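What follows is one structure encoded as structure tokens, with my remarks underneath.
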Amino acid sequence: MADELYPITKLPQPDPEYGPAEVIDIQLSALASNDDPVVDAGIKTAYNFASPANRRATGPLDRFIKMVNGPQYAPMIDHTEATTGPLERDGDRAQQRVTLTGPSGRTVTYLFGLSQYDGPEESLVDCWLTDSVLID
């Protein structure tokens, strides 16, 4: 089933020019000011950078928004500090640990897992996309 709301226009979208660290930074920056320029723009930006398999598992968009607003990912929204560890890259896969301090002061470390897309969605070929974000 195609996701009618993907990609969300007027927000950052995948581009083959972006490396994996830049993809994570774009999402973190968007989540740090989640409601700028529109409500849930940060979450919607993260959705734009989710791999097709990730979107199938966590979408559609309204479900994705509820998930990110849930207790596991809430510290990402409007976080006040982000500390990134070294990017570990192996060919077309990459991962990076990110420690975020949420607005409540709660600190959580996440492991971002990305891969360089090589599938049927032509607009995404060679783009780095997020496959998973797990609490580390």
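Some points to look at:
- Identity of the residue in segment 45-78, in contact with a strand residue (DSSP E or B) (Cβ under 8 Å, 6 or more places away or on another chain) and outside any helix (DSSP H, G or I), that ends up surrounded by the fewest Cβ atoms within 10 Å (Cβ to Cβ): GLN72
- On inspection, ALA41 qualifies as surrounded by fewer than 20 Cβ atoms within 10 Å (Cβ to Cβ) and either on the phi < 0 side of the Ramachandran plot or basic (Lys, Arg) (or both).
- Just one residue in the set GLY105, GLY119 is small (Gly, Ala, Ser), at pLDDT below 95, in contact with a helix residue (DSSP H, G or I) (Cβ under 7 Å, 6 or more places away or on another chain) and outside any helix (DSSP H, G or I); that residue is GLY119.
- Complete set of residues in segment 114-134 that are of a type in the set (Gly, Ala, Ser), surrounded by fewer than 18 Cβ atoms within 10 Å (Cβ to Cβ) and touching a strand residue (DSSP E or B) at 6+ places or on another chain (Cβ under 8 Å): SER132
- All told, ARG93 falls short of being over 14 Å from VAL133 (Cβ atoms), out of contact with any strand residue (DSSP E or B) (no Cβ under 9 Å at 6 or more places or on another chain), basic (Lys, Arg) and modelled with pLDDT of 95 or more.
The values are calculated or read from the model by the stated rules, or taken from the named source; none is laboratory data. None of the values given here were measured: they were computed from a predicted structure. Here Cβ is always computed from backbone atoms with ideal geometry, including for glycine, and neighbour counts include all displayed protein chains.
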